[in-house]
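Contents: one structure, followed by commentary.
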Amino acid sequence: MKKKIAAKLDYADEFYRQPCWLELWRKTCDPCRLTFWSRIDETNAAILISYWEAAGFLTRARNRTRYRVHSTYYSQLKFYTFKPRPRIPGTKKAKPIHNTLRFRTVCQRIWMSMRILQTFSIGQLQACSSVCNDIVRTFVTQLYQLNYVRLQVCYGSNFEGNEDIYQLILNTGAKAPFLCGEGSLYDLSTYCIYYTD
């Protein structure tokens, strides 16, 4: 399944040539550069860089605000861009992402429920993970846009009381993907960044 998804994505080298990743590939980097060149806001850039630091791709420089890039960065950290899927007709628009510690914690609970259920509706995930509907909808909508889940049965707004059924197609590991912002995701298990055009 992963090969099918990967076939739709551009080559990683092409993505490295974009300005924000060229900046990070230099000898040192900082969150301000990442924020300046990408759609990722300052808070999410700092969180993303902390994940890269934990994975060993970056080490803090002496002044503590810049990071040195480790040689594994280019070989192990992969970047993919692709066209986002169109919004499902009749579904509510997901609320914007506010990446707080609480949001990331509940996303982990939703992710665990998705991995257990494999096929699910928004309501089932809400019940299994004890998370409010808006957060579940935001998380699932983002994963749908980024090809982690697919719509298996679409009822739309014509069938009151029925919910659309989704299926998890990219189960990459126990750690929930980190939503960097609208249309961008970092997978902590595979060290991949997915970015929509």
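The values are calculated or read from the model by the stated rules, or taken from the named source; none is laboratory data. Everything numeric in this text was worked out from a predicted model, so none of it was measured. Cβ sites come from the backbone with ideal geometry, for glycine too, and all protein chains shown count toward neighbours. Remember, those area values only see protein heavy atoms, side chains included, never the ligands or the DNA or RNA. Shrake-Rupley method; radii C 1.70, N 1.55, O 1.52, S 1.80 Å.
Miscellaneous remarks
- Taken over the range 185-197, the residue count meeting the criterion of being under 21 Å from Pro86 (Cα atoms) and surrounded by fewer than 19 Cβ atoms within 10 Å (Cβ to Cβ) is 2.
- Restricting attention to the range 118-135, the residues that are assigned to a helix (DSSP H, G or I) and surrounded by fewer than 16 Cβ atoms within 10 Å (Cβ to Cβ) add up to 4.
- Here the range 157-184 is the region considered, the condition is being under 16 Å from Pro84 (Cβ atoms) and at pLDDT below 90, and the residue that is surrounded by the most Cβ atoms within 10 Å (Cβ to Cβ) is Cys180.
- Close pairs from the range 109-126: first at positive phi, partner assigned to a strand (DSSP E or B) and open to solvent by 80 Å² or more (accessible area, probe 1.4 Å), Cβ under 7 Å, at least 6 apart: none
- Filtered residues of the range 136-156 (kept if part of a strand (DSSP E or B) and open to solvent by less than 10 Å² (accessible area, probe 1.4 Å)): Val149
- Restricted to the range 20-84, the set of strands (runs of 3 or more DSSP E) holding at least 1 residues that are within 16 Å of Cys180 (Cβ to Cβ) and at pLDDT 75 or above comprises 58-60, 78-82.
- Flag set for Thr172, criterion: part of a loop (DSSP other than H, G, I, E, B), in contact with an Asp or Glu (Cβ under 7 Å, 6 or more places away or on another chain) and of a type in the set (Val, Ile, Thr).
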